[in-house]
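Take a look at this one; I'll ask things after.
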Amino acid sequence: MSTLTIQNFELSRAFFLNHLEAMNAELADVQPEGFNNNIRWHAGHVLTTAEYFMFDFPKKSSNLPKHYIELFNRGTSPADWKGEVPTLKELQQQLSDQLVRIKEIPEDRLQEKLEKEIFNFKTFGELVNFTVFHETYHLGQMHAIKRVIENQSVKQV
C-alpha cells in the first residue's frame, strides 16, 4: 500500500504539472464568472496545502515563502492579492521541486501516527492520500475554468 500511495501522488502531480505546462500564463489569471479563483491561485493553493500537510509549513518548512499563506490559503482570492505574487512558471517549478522532496519521504513514515488528528486522519499516510485527493479536486476545478475561459465571456482580475 505504501508504494501505491507514493505512485498515486506522483501520478496526480504529473497530470497537474502537464496541465500547467500546457496553460497560457495569461489565461491562468482569468477568473470566470461563477468561480472564486483562477488557475494560478489553484496552482499556488495546491503547492501551499501540500507543503503544509507533507512538511508542516510554515513551522518546519522554509521551502516556500511564508506570504504564500496570505496568497493561497483557503478562503483567499486573487482579487485580494497584494505585493509579490509568484508567476505561473515559478509555481510550476516549486511544484516540481516539491515532488522531488515528497518522493524522498521514507515509506515507513506513511505508518506514523499524527501528533494531532487532521480531518479525522490518524496517520501520515492517510494525510498523504487526502493530499492526492485534494490535488486532483483542484485539477478538476482548473479544467472547468479553462473550458469556461475557452467557451464563454469572462472577467479579468
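Could you grab me the full set of residues in segment 95-129 that are open to solvent by 90 Å² or more (accessible area, probe 1.4 Å), in contact with a helix residue (DSSP H, G or I) (Cβ under 7 Å, 6 or more places away or on another chain) and either hydrophobic (A, V, I, L, M, F, W, C) or in a strand (DSSP E or B) (or both)?
Answer for segment 95-129, where residues must be open to solvent by 90 Å² or more (accessible area, probe 1.4 Å), in contact with a helix residue (DSSP H, G or I) (Cβ under 7 Å, 6 or more places away or on another chain) and either hydrophobic (A, V, I, L, M, F, W, C) or in a strand (DSSP E or B) (or both): just PHE119.
Within segment 31-52, restricting attention to residues that are in contact with a Lys or Arg (Cβ under 9 Å, 6 or more places away or on another chain) and farther than 24 Å from LEU64 by Cα, which residue is modelled with the lowest pLDDT?
GLU33
Is it the case, given these coordinates, that PHE133 is modelled with pLDDT of 95 or more, open to solvent by 50 Å² or more (accessible area, probe 1.4 Å) and over 18 Å from ASN18 (Cβ atoms)?
yes
Restricted to segment 61-86, and to residues that are in a loop (DSSP other than H, G, I, E, B) and among the hydroxyl-bearing types (Ser, Thr, Tyr), which residue is nearest to ILE6 (Cα to Cα)?
The selected residue is SER61.
Next question. Please give the number of the condition ILE145 fails out of (1) touching a residue at least 40 places away in the same chain (Cβ under 8 Å); (2) open to solvent by 100 Å² or more (accessible area, probe 1.4 Å).
(2)
Something else now. Residue under question is THR5, and the condition is that it be assigned to a helix (DSSP H, G or I), surrounded by 12 or more Cβ atoms within 10 Å (Cβ to Cβ), β-branched (Val, Ile, Thr) and touching a residue at least 60 places away in the same chain (Cβ under 8 Å); does it hold?
For THR5, the condition - assigned to a helix (DSSP H, G or I), surrounded by 12 or more Cβ atoms within 10 Å (Cβ to Cβ), β-branched (Val, Ile, Thr) and touching a residue at least 60 places away in the same chain (Cβ under 8 Å) - is met.
Criterion first (in a helix (DSSP H, G or I), open to solvent by 50 Å² or more (accessible area, probe 1.4 Å) and in contact with a Leu (Cβ under 8 Å, 6 or more places away or on another chain)) does LYS89 satisfy it?
It is false that LYS89 is in a helix (DSSP H, G or I), open to solvent by 50 Å² or more (accessible area, probe 1.4 Å) and in contact with a Leu (Cβ under 8 Å, 6 or more places away or on another chain).
The values are calculated or read from the model by the stated rules, or taken from the named source; none is laboratory data. For clarity, every value in this text was computed on a predicted model and none was experimentally measured. Cβ coordinates were reconstructed from backbone atoms using ideal geometry, including for glycine residues, and neighbour counts include every protein chain displayed. The protein model used for the area step is the full one, side chains on, heavy atoms only, and it has no ligands, DNA or RNA in it. Shrake-Rupley method; radii C 1.70, N 1.55, O 1.52, S 1.80 Å.
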